[in-house]
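For reference, the structure is listed below as structure tokens.
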Amino acid sequence: MIDLQTLVQETGAESGLIFNIDGILNESVNLEYDGNVAAMIGMILKMCLEMSEDVNNGDLKQVMIKNNDGIVVASKDQDDNCIALLSKDISKMGLLLRKMDTIFNN
């Protein structure tokens, strides 16, 4: 089991979510409207998963969303459990991506 509060602190992310690919929220840290955010990120992951399958690029593992005010990194495992970390500091992108890879590869 992942300690979301510790994950957010270790990465310096502002907030984080644990949810399933259907957008059902399990846990959140420092996020207003967390249920809505989980549903939206779940839908993005589901759409990207279907696109990845359609173009025969293998199973989707991670999605990164970068905008003017920050970054969202969302990863899923083979059972469609998902974690998303949100940061307003773009320079933390590498750390977020690496930490998510570590979590889902162990």
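A few notes on this one:
- For segment 7-60, the set of residues classified as over 18 Å from Q78 (Cβ atoms), buried (at least 18 other Cβ atoms within 10 Å of the Cβ) and touching a residue at least 60 places away in the same chain (Cβ under 8 Å) consists of L7, V8, T11, A13, S15, G16, L17, listed by residue number.
- Counting only residues that are within 16 Å of the chain's Cα centre (by Cα) and farther than 19 Å from R98 by Cα, segment 34-78 holds 16 of them.
- Within segment 53-94, the only residue that satisfies the criterion of being in contact with an Asp or Glu (Cβ under 7 Å, 6 or more places away or on another chain) and either over 18 Å from Q9 (Cα atoms) or among the polar types (S, T, N, Q) (or both) is S87.
- Some residue of segment 75-90 being open to solvent by 40 Å² or more (accessible area, probe 1.4 Å), of a type outside the set (D, E), touching a helix residue (DSSP H, G or I) at 6+ places or on another chain (Cβ under 7 Å) and touching a residue at least 24 places away in the same chain (Cβ under 8 Å): no
- Residue satisfying all of: in segment 91-106; among the hydrophobic types (A, V, I, L, M, F, W, C) and under 18 Å from G58 (Cβ atoms); least open to solvent (accessible area, probe 1.4 Å) among these: M100
The values are calculated or read from the model by the stated rules, or taken from the named source; none is laboratory data. Just so it is clear, the model here is predicted, and its values are computed rather than measured. So basically every Cβ, Gly included, is an ideal-geometry build from the backbone, and we count neighbours across all protein chains shown. Areas reflect the complete protein model, heavy atoms only, side chains present, ligands, DNA and RNA absent. Shrake-Rupley method; radii C 1.70, N 1.55, O 1.52, S 1.80 Å.
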